Amino acid sequence: MYLQIKEVLKDRILNGEFALHTNIPSEPQLEQEFNVSKITVRNAIKELVQEGYLEKKSGKGTKVIANVSAAKLSKGKHFTEILVEEGHRITKKVLSIKKVEVIPDPTMHSQFVDHCLKIERVFLLDDEPYIYFNHYLLLNENEEDLNDIQINSLYRYLEEQNIRLVSFRDEFTVALAPSHIHETLKLEKGTAVLKRIRRSQNEDGKIVEYSEGFYHTEKHHYIVTYNDYTQ
């Protein structure tokens with residue numbers, strides 16, 4: 001249980017809900033929120049202290065001292081981490097989770113048929129809709145279990161399903177999003193958006209996630225930064 005709480009708190013830190021150099025809620029508040037014992041909350045906080053996200057001082061509470069994940073698939077920073085560093089707040093909302101038989105990429109139909117889970121999510125930038133995601137996952141969940149799926153971090157959810165992603169391939173284009181996405185992102189009809197297509201592979205080189213992201217770049221440009229550059 002304390003590991004689950006740790007992951008929830010970590011996501012709140014990485015997404016800016018718990019801002020850098022501010023205190024997280026007190027232990028009694030967290031105990032009440034998660035309905036767990038004091039030792040469970042303390043173990044979760046202890047883990048985050050050891051990982052370098054939090055600093056705990058007697059009489060001063062527990063402060064966020066880092067909001068960038070140390071574990072990265074590459075030397076580039078995640079886009080959401082950049083937004084948090086700039087002082088923005090990122091929140092996520094799952095719109096739907098359902099089984100589908102067809103994905104937009106026809107070359108992948110054979111491996112995804114009968115085993116495809118579609119997850120629709122929207123990311124909010126400072127409480128305004130900013131990114132609309134369609135994720136197609138190579139998972140064979142039972143229909144009756146779909147309502148029980150809880151997703152805060154998509155990639156941690158995949159890890160819980162014993163799926164480890166080792167590489168991404170991203171493609172970018174400009175596109176007109178479907179009308180329901182325009183409505184969700186509060187765009188005027190006919191507005192072009194940045195579209196990102198991602199194919200994620202596991203250790204065997206098999207594509208296990210295909211996703212489409214539609215970005216309202218008038219609110220914020222899409223940014224990629226790198227810690228260093230090596231030819």
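No other residue among Ile45, Ile103, Ile131 is in contact (Cβ under 8 Å) with a residue 12 or more places away in the chain and in a strand (DSSP E or B) apart from Ile131. When the range 178-224 is filtered for residues that are in contact (Cβ under 8 Å) with a residue 60 or more places away in the chain, of a type in the set (Val, Ile, Thr) and over 23 Å from Ile103 (Cβ atoms), the ones remaining, listed by number, are Ile223, Val224. Of the residues that sit in the range 176-231 and are part of a loop (DSSP other than H, G, I, E, B) and of a type in the set (Val, Ile, Thr), which one is modelled with the lowest pLDDT? Among those that are part of a loop (DSSP other than H, G, I, E, B) and of a type in the set (Val, Ile, Thr), it is Thr230.
Out of curiosity, is Ser200 surrounded by 15 or more Cβ atoms within 10 Å (Cβ to Cβ), touching an Asp or Glu at 6+ places or on another chain (Cβ under 6 Å) and closer than 27 Å to Ile13 by Cα? Answer is yes for this residue.
The values are calculated or read from the model by the stated rules, or taken from the named source; none is laboratory data. Remember, predicted model here, so these are calculated numbers, not experimental data. All Cβ positions, even for glycine, are placed from backbone atoms using ideal geometry, and neighbour counts span all protein chains on display.
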